Amino acid sequence: MNRLTKIIERNISGKKVLILFILTNVVYAFMLTVTIPKTMEFSNGMNLLDMMPKGYDLNYVSELFNALGENGRDTYLTSQIPIDMIYPILFGLSYYLILGYFLKKLNRLYTPYSYLCLLPIIAGASDYFENFGIITMLVGYPDLTKVSVGITNTFTIVKSISTSLFFIVLIIVLISLGISVIKRKKQ
């Protein structure tokens, strides 16, 4: 048993997984309904950097930060980012354990499939690096550089790809589990 599966094994009680899932999604819902809309009030309809899965460039960041104005940039920095510093750890741990939980139900936890549980950890880590980049750019505005935007954009894209891959894997695992349950009931 590798270290990854030991951590999952120790922490995948249904109750613990459910509580983490609920907490993660309460924080996410708060961002979607409160902090993101509050920040976007200043953006003239432009998407925040966190919400751009295909990425952005220096021109977009300059245009967005200009549209936000001082109050919007301050709101981004003091309202959205602090909540988004809580969310990545919750997302990473919650979905790491959720996938492990369902892999165990399929008797696939002790296989190379367990490495797929790292996808939400990669997404969460990328989200932190994205946040640090956004903080750096907000604090340094108007002095934005192609390098800082490029690095932050890279983490935004890695976050988006790893999150998307995770949900595709989770759907496949859930379908497999459903098929397995149906087969067992027929026997």
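Looking at the stretch 1-36 only, could you name the residues that are under 20 Å from L118 (Cα atoms), over 15 Å from the mean Cα position of the chain (by Cα) and touching a residue at least 24 places away in the same chain (Cβ under 8 Å)? Once the filter is applied, which keeps residues that are under 20 Å from L118 (Cα atoms), over 15 Å from the mean Cα position of the chain (by Cα) and touching a residue at least 24 places away in the same chain (Cβ under 8 Å), the stretch 1-36 yields M1, N2, L4, T5, I8, E9, N11, I12, G14, K16, V17. Using the structure shown, decide if S148 is crowded, with 17+ Cβ neighbours inside 10 Å, at pLDDT below 95 and in contact with a Ser or Thr (Cβ under 9 Å, 6 or more places away or on another chain). Against the criterion (crowded, with 17+ Cβ neighbours inside 10 Å, at pLDDT below 95 and in contact with a Ser or Thr (Cβ under 9 Å, 6 or more places away or on another chain)), S148 does not qualify.
Screening F42 with (1) without any contact (Cβ under 8 Å) to a residue 60 or more places away in the chain; (2) loosely packed, with under 14 Cβ neighbours inside 10 Å; (3) over 18 Å from F132 (Cα atoms) gives one miss only, at (2). Taking the stretch 122-148 as the range and being part of a helix (DSSP H, G or I), touching a residue at least 60 places away in the same chain (Cβ under 8 Å) and within 14 Å of Y60 (Cβ to Cβ) as the test, the residues that pass are I134, M137, K146.
Of the residues Y95, Y110, Y101, only one is hydroxyl-bearing (S, T, Y), under 30 Å from T5 (Cβ atoms) and assigned to a loop (DSSP other than H, G, I, E, B); which? Write out each step before concluding.
Details: Y95 fails: assigned to a loop (DSSP other than H, G, I, E, B); Y101 fails: assigned to a loop (DSSP other than H, G, I, E, B).
The match here is Y110.
When P88 is tested against the conditions (1) buried (at least 19 other Cβ atoms within 10 Å of the Cβ); (2) out of contact with any Gly (no Cβ under 7 Å at 6 or more places or on another chain); (3) at pLDDT 95 or above; (4) closer than 27 Å to I22 by Cβ, the lone failure is (2).
Which of the residues spanning the stretch 48-74 are in a loop (DSSP other than H, G, I, E, B) and more than 15 Å from V149 (Cβ to Cβ)?
Passing the criteria: only P53.
The values are calculated or read from the model by the stated rules, or taken from the named source; none is laboratory data. Since this is a predicted model, take the numbers as computed values, not measurements. Note that we place each Cβ from the backbone using ideal geometry, even for glycine, and neighbour counts take in every protein chain shown.
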